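Peer 1: Take this structure first; my questions come after.
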Amino acid sequence: MSKTYFDETHCAIGHPKSTFMQWMLTVDHKRIGLMYAAVMFTFFFVAVFTALLMRFELFAPGQQFIDGPTFNQAFTLHGVIMIFLFIIPGIPAIFGNIVMPLMIGAKDVSFPRLNWATFWLYILGCCVALASLFIGEGVADTGWTFYAPYSLNTDTNVIMALTAAFILGFASILTGLNFLVTIHRLRAPGMTFFKMPLFVWGIYATAWIQLLATPVIGITLILAVMEKYFGIGIFDPSKGGDPVLFQHLFWIYSHPAVYLMILPAFGIMSEIIPTFSRKEIFGYRTIALSSASIAGIGYLVWGHHLYTSGMSDVAKSVFSFLTFFVAIPTGVKFYDWIATMYQGKIVLSTPMIWGLGTIITFAIGGITGITITMIGVDIHLQDTYYSVAHFHYAILGGVVFLMFAGMHYWFPLITGKMYKETHAKAAFYIQFVGFNLLWFPMFIAGWYGMPRRYFDYLPEFQIYHQVSFYGALIFVSGLIYMFWTFYRGWTKGEPSGTNPWNATTLEWHMPSSPPPLENHSKVPYVDFNPYEYHHGEPVVKFNYETMQRID
Amino acid sequence: MSNKLEGFSTSASTFNADLDFAFWLHIWLSVGLFLSVVVPMIYFAWKYNANKVKNEDIGKVTHNTTLEILWTLIPVAIMMLFFYYGNTTMKMFRTMPAEAQSLVINVEGSKWKWKYTYPANASGHVHEVGGVYKKPVMNDDGSIKEHGTMGISALYVPKDTNIILKMTAPLSDVLHSYYIPAFRTKQDVVPGRETTLWFNANRVGSYDVECAEYCGADHAYMYSKVVVMEKADYEAWYNSNKGDTPKGDFPKDGKSLYASNGCASCHSIDSDTILVGPGLKGIGAKYDSEYLANALTNPDKDVPEGFYPGIMPTFKFSDEDLKNIVKYMETGK
């Protein structure tokens with residue numbers, strides 16, 4: 001049997017003999033992606049169980065399991081892990097690393113050593129974040145948004161959380177830089193921008209946001225640290241500073257960051273829909289360019305987080321107006337995906353079911369985002385459970401669900417094995433039901449005036465919290481079931497072969513499954529579109545040894 | 001038990017009808033948009049299911065200019081409609097009525113209570129109302145023994161009158177947000193800035209106020225109430241010079257004042273334990289009444305050793321209240 005990337009690797013330093021050191025020092029984009037996945041999902045489960053703890057406390061009004069300050073630390077830990085350690089780096093670091101170079105026919109990213117260093121910078125950031133749990137007064141209790149002046153006044157370990165976010169931001173910038181150069185310089189000959197798979201477009205748009213927007217959060221976090229240590233008086237009103245300025249700076253990054261999360265996720269959807277419709281994608285160019293325009297408009301809409309913060313009415317109107325124009329390209333993508341299914345041959349395999357399920361949940365997440373784009377309505381709904389539900393429908397029901405879709409889709413590529421589809425589908429349905437039970441009641445509670453970040457609430461809201469609680473239990477069991485299915489698939493699954501889904505893009509044209517160390521045997525010449533099907537079969541076929549077309 | 005706050009569905013303010021219309025218009029059009037995506041999706045997934053479609057029958061459509069223009073322009077039109085209603089409702093909330101025709105009340109939000117200062121009445125008396133929410137008392141099994149209550153703190157306003165709230169927080173405090181769900185309005189309260197909020201309530205009743213901007217340990221207990229009264233009732237209270245609040249029979253003894261002003265969250269009354277400030281056990285033996293009264297009304301002037309100025313907020317009490325609370329601190333009664 002030929003050697004795969006699990007058997008051999010290139011290392012950043014020297015040629016270590018031990019398998020462990022080979023993993024620690026590896027520069028192979030696939031191994032780095034896998035290690036990101038291992039670390040991120042560990043943190044993901046920590047944050048999930050933190051959230052579950054909060055749901056336990058919220059099951060009944062009054063204080064049962066944890067007190068207010070502990071609850072505040074819990075939602076901060078949940079938010080910081082989910083946002084900075086998991087979802088912002090998530091899809092780019094895992095699938096951008098593993099799949100993107102394969103999709104463009106490259107042997108690795110442009111700067112493999114930098115990629116290795118970036119991974120360890122990310123680990124350093126994680127360690128600092130973890131250390132803040134145990135050092136000083138414990139983990140920050142500010143919420144993941146670190147709003148001044150609360151973050152400046154609290155005794156908890158805000159400095160370490162800010163430092164961690166700063167380091168993770170650097171890792172994000174370097175990842176973006178690496179991917180941008182890779183996509184510009186390492187595409188296989190013949191692959192113009194409009195012949196790239198749409199996931200690569202998603203990663204490309206994201207990489208620009210990582211590169212251009214992340215420095216703003218870096219500056220903001222440094223200013224907050226300087227404010228806290230030296231009292232420079234930029235955000236602290238008792239020194240003449242302006243706390244609302246912090247919110248502006250924070251969201252100038254953090255709003256583009258949500259597009260940074262969703263664009264590669266949309267990319268995954270754009271891979272899955274044509275593959276399982278056995279049909280070329282509808283409106284390739286509009287999907288590609290809508291990613292770019294979302295990334296562009298995304299910079300100009302941060303103010304919609306500040307409708308009630310204290311800002312001029314003119315500014316509110318402008319931000320609201322611009323925000324509606326994010327909805328348009330997003331909607332166009334959805335219609336393009338549905339149109340792709342028209343007259344296709346739809347195979348409802350697990351990745352496709354995840355994709356279609358996400359169309360439902362993300363549509364709800366997107367539309368409820370439009371609710372709170374309407375300024376007057378947001379004045380009522382700002383900082384209520386409505387925003388919380390919207391955000392989780394969009395990010396969990398959008399980004400994370402599509403990440404799961406991608407995991408099911410590329411699992412055979414990465415491991416060379418196939419999971420049991422019956423189990424995987426069952427896990428999807430459990431999660432889908434649990435998810436909606438968990439989050440939908442929050443829209444209603446939010447409309448009726450349930451504020452977020454409350455560890456205790458007025459008895460009127462009990463029913464919504466209880467339904468959410470049962471939804472959370474169902475959702476988490478589905479989640480564990482899914483990972484168990486993956487684990488069984490990897491250890492005991494049948495070999496999948498190189499192209500189990502009949503897909504067209506280059507990552508499925510590998511000489512071995514899983515792929516070998518340096519990917520394709522030869523650099524392919526790309527004179528075809530990414531999703532060419534004829535009568536339900538991929539048009540382009542390769543001899544995997546020579547990478548010459550044989551169709 | 002009703003599943004919503006008191007007064008939520010009663011059109012308690014002049015805002016409700018317009019805001020609810022904008023919201024439900026948006027929801028119903030959005031349901032349409034949602035169905036325009038999800039219905040074809042489910043239909044196609046059924047109609048073109050792999051076991052029904054022969055390979056030769058797979059279509060080749062990748063463009064349809066008419067459709068693409070339609071599904072861009074129709075959503076644009078709907079979005080502009082949403083923008084219009086979002087913007088007009090914002091104007092409704094944010095266009096302040098003339099102060100001359102309004103009742104202007106100063107609001108101070110601080111950790112974790114709201115305080116209302118009224119304009120001086122005809123005889124020069126200034127009503128000040130405010131205090132902390134009394135937290136629920138729990139049984140050992142986690143059920144509620146006694147629900148939390150608002151005590152004497154409420155914003156008392158006359159019906160059918162424009163009320164302008166000029167809101168701020170002490171410089172050393174943090175962000176809060178004054179949120180009245182029944183009136184559909186909120187505005188952040190920012191230390192060192194004055195933000196404004198207005199409403200015109202047209203139903204007599206008592207409506208919950210919540211803090212909507214995260215502010216720390218007792219964020220979830222930073223409640224208040226807006227009590228809307230008939231104009232005559234309001235005037236009678238406003239023009240009286242008694243410290244009593246117009247609704248309910250609220251005790252004004254030292255113990256209640258100690259609780260409702262939030263003293264207990266920083267100062268233990270019956271021990272030496274330092275919570276934030278010093279415990280007060282035996283304080284009456286150490287200091288005279290005048291020192292204690294000054295410590296409340298001008299806390300930064302003479303701070304005990306080991307503590308720092310600037311931590312404790314300044315309190316204002318009527319002479320009678322001040323006497324009662326000092327007595328409570330001295331004697332524990």
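Peer 1: Name the single residue that is farthest from A:His534 (Cα to Cα) among those in segment B:53-66 being more than 7 Å from chain A (Cβ to nearest Cβ) and part of a helix (DSSP H, G or I).
Peer 2: Selected residue: B:Thr66.
Peer 1: Which one of these does B:Leu197 not meet: (1) part of a loop (DSSP other than H, G, I, E, B); (2) modelled with pLDDT of 95 or more?
Peer 2: Condition (1) is where B:Leu197 drops out.
Peer 1: Within segment A:502-547, restricting attention to residues that are outside any loop (DSSP other than H, G, I, E, B) and free of Cβ contacts under 8 Å to residues at least 12 places away in the same chain, which residue is farthest from A:Leu413 (Cα to Cα)?
Peer 2: This residue is A:His534.
Peer 1: Follow-up. Can you tell which of B:Ala154, B:Ala122, B:Ala220 is among the small types (Gly, Ala, Ser), buried (at least 22 other Cβ atoms within 10 Å of the Cβ) and away from every other protein chain (no Cβ under 13 Å)?
Peer 2: After applying the criteria, what remains is B:Ala154.
Peer 1: So, one more: Hey, does segment A:346-358 have a residue that's surrounded by fewer than 23 Cβ atoms within 10 Å (Cβ to Cβ), closer than 30 Å to B:Leu5 by Cβ, at pLDDT 95 or above and within 21 Å of the chain's Cα centre (by Cα)?
Peer 2: Among the residues of segment A:346-358, not one is surrounded by fewer than 23 Cβ atoms within 10 Å (Cβ to Cβ), closer than 30 Å to B:Leu5 by Cβ, at pLDDT 95 or above and within 21 Å of the chain's Cα centre (by Cα), which makes the answer no.
Peer 1: Got a sec? Which of B:Trp71, B:Trp28 is more than 23 Å from B:Asn162 (Cβ to Cβ), within 7 Å of chain A (Cβ to nearest Cβ) and out of contact with any Asp or Glu (no Cβ under 8 Å at 6 or more places or on another chain)?
Peer 2: Criteria check complete, one pass: B:Trp71.
Peer 1: Restricting attention to segment A:429-466, which residues are at the interface with another protein chain (Cβ under 8 Å from one of its Cβ atoms), hydroxyl-bearing (Ser, Thr, Tyr) and surrounded by fewer than 21 Cβ atoms within 10 Å (Cβ to Cβ)?
Peer 2: A:Tyr457
Peer 1: Hey, can you tell me all the residues within segment A:135-168 that are in a loop (DSSP other than H, G, I, E, B) and of a type in the set (Val, Ile, Thr)?
Peer 2: Across segment A:135-168, the qualifying residues are A:Ile135, A:Thr142, A:Thr145, A:Thr154, A:Thr156.
Every residue, every condition in (1) within 10 Å of another protein chain (Cβ to nearest Cβ); (2) outside any loop (DSSP other than H, G, I, E, B); (3) out of contact with any helix residue (DSSP H, G or I) (no Cβ under 7 Å at 6 or more places or on another chain); (4) open to solvent by 10 Å² or more (accessible area, probe 1.4 Å), yes or no:
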| site | (1), (2), (3), (4) |
| --- | --- |
| A:Phe276 | yes, yes, no, no |
| A:Glu280 | yes, no, no, yes |
| A:Ala292 | no, yes, no, yes |
| A:Gly298 | no, yes, no, no |
| A:Gly303 | no, yes, no, no |
| A:Gly310 | yes, no, no, yes |
| A:Ser317 | yes, yes, no, yes |
| A:Thr330 | yes, yes, no, yes |
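Peer 1: Mind counting the residues in segment A:10-41 that are closer than 25 Å to A:Leu85 by Cβ, of a type in the set (Val, Ile, Thr) and not in a helix (DSSP H, G or I)?
Peer 2: Matching residues across segment A:10-41 total 2.
Peer 1: List the residue pairs whose Cβ atoms are under 8 Å apart, where the first residue sits in segment A:131-160 and is among the acidic types (Asp, Glu), the second is part of a helix (DSSP H, G or I) and crowded, with 24+ Cβ neighbours inside 10 Å, and the two are 6 or more positions apart or on different chains.
Peer 2: Here the result reads A:Asp141/A:Asn72; A:Asp141/A:Thr76, each pair linking segment A:131-160 to a residue that is part of a helix (DSSP H, G or I) and crowded, with 24+ Cβ neighbours inside 10 Å.
Peer 1: Consider A:Ile66 against the criteria (1) surrounded by fewer than 22 Cβ atoms within 10 Å (Cβ to Cβ); (2) outside any loop (DSSP other than H, G, I, E, B); (3) in contact with a Phe, Trp or Tyr (Cβ under 9 Å, 6 or more places away or on another chain): it satisfies all of them except one. Which criterion is unmet?
Peer 2: So A:Ile66 meets the others, but not (2).
Peer 1: Could you tell me how many of the residues in segment A:518-542 are under 30 Å from A:Cys11 (Cα atoms) and open to solvent by 20 Å² or more (accessible area, probe 1.4 Å)?
Peer 2: Of the residues in segment A:518-542, 5 are under 30 Å from A:Cys11 (Cα atoms) and open to solvent by 20 Å² or more (accessible area, probe 1.4 Å).
Peer 1: Where residues in segment A:364-385 are at the interface with another protein chain (Cβ under 10 Å from one of its Cβ atoms), assigned to a helix (DSSP H, G or I) and open to solvent by 10 Å² or more (accessible area, probe 1.4 Å), which of them is farthest from B:Phe83 (Cα to Cα)?
Peer 2: Checked segment A:364-385; the qualifying residue farthest from B:Phe83 (Cα to Cα) is A:Ile364.
Peer 1: Quick one: which residue in A:Ser521, A:Ser496 is among the polar types (S, T, N, Q) and under 27 Å from the mean Cα position of the chain (by Cα)?
Peer 2: Going through A:Ser521, A:Ser496 in turn, the sole match is A:Ser496.
Peer 1: If you go through segment A:303-326 one residue at a time, how many are within 22 Å of B:Ser30 (Cα to Cα) and in contact with a Gly (Cβ under 7 Å, 6 or more places away or on another chain)?
Peer 2: Residues in segment A:303-326 being within 22 Å of B:Ser30 (Cα to Cα) and in contact with a Gly (Cβ under 7 Å, 6 or more places away or on another chain): 3 in total.
Peer 1: OK, next. Is it fair to say B:Trp112 is open to solvent by 30 Å² or more (accessible area, probe 1.4 Å) and in contact with a strand residue (DSSP E or B) (Cβ under 8 Å, 6 or more places away or on another chain)?
Peer 2: For B:Trp112, the condition - open to solvent by 30 Å² or more (accessible area, probe 1.4 Å) and in contact with a strand residue (DSSP E or B) (Cβ under 8 Å, 6 or more places away or on another chain) - is met.
Peer 1: With respect to B:Met80, determine if the residue is in contact with a Lys or Arg (Cβ under 8 Å, 6 or more places away or on another chain) and part of a helix (DSSP H, G or I).
Peer 2: No; evaluated as a whole, the condition is false for this residue.
Peer 1: Same structure, new question: Taking the options B:Lys115, B:Lys145, name whichever one is within 10 Å of chain A (Cβ to nearest Cβ) and assigned to a strand (DSSP E or B).
Peer 2: After ruling out the rest, the residue left standing is B:Lys145.
The values are calculated or read from the model by the stated rules, or taken from the named source; none is laboratory data. Predicted, not measured: the structure shown is a model, and the values here were computed from it. Backbone-built Cβ (ideal geometry, glycine too); neighbour counts: all protein chains shown. For accessibility, only protein heavy atoms count, side chains too; no ligands or nucleic acids. Shrake-Rupley method; radii C 1.70, N 1.55, O 1.52, S 1.80 Å.
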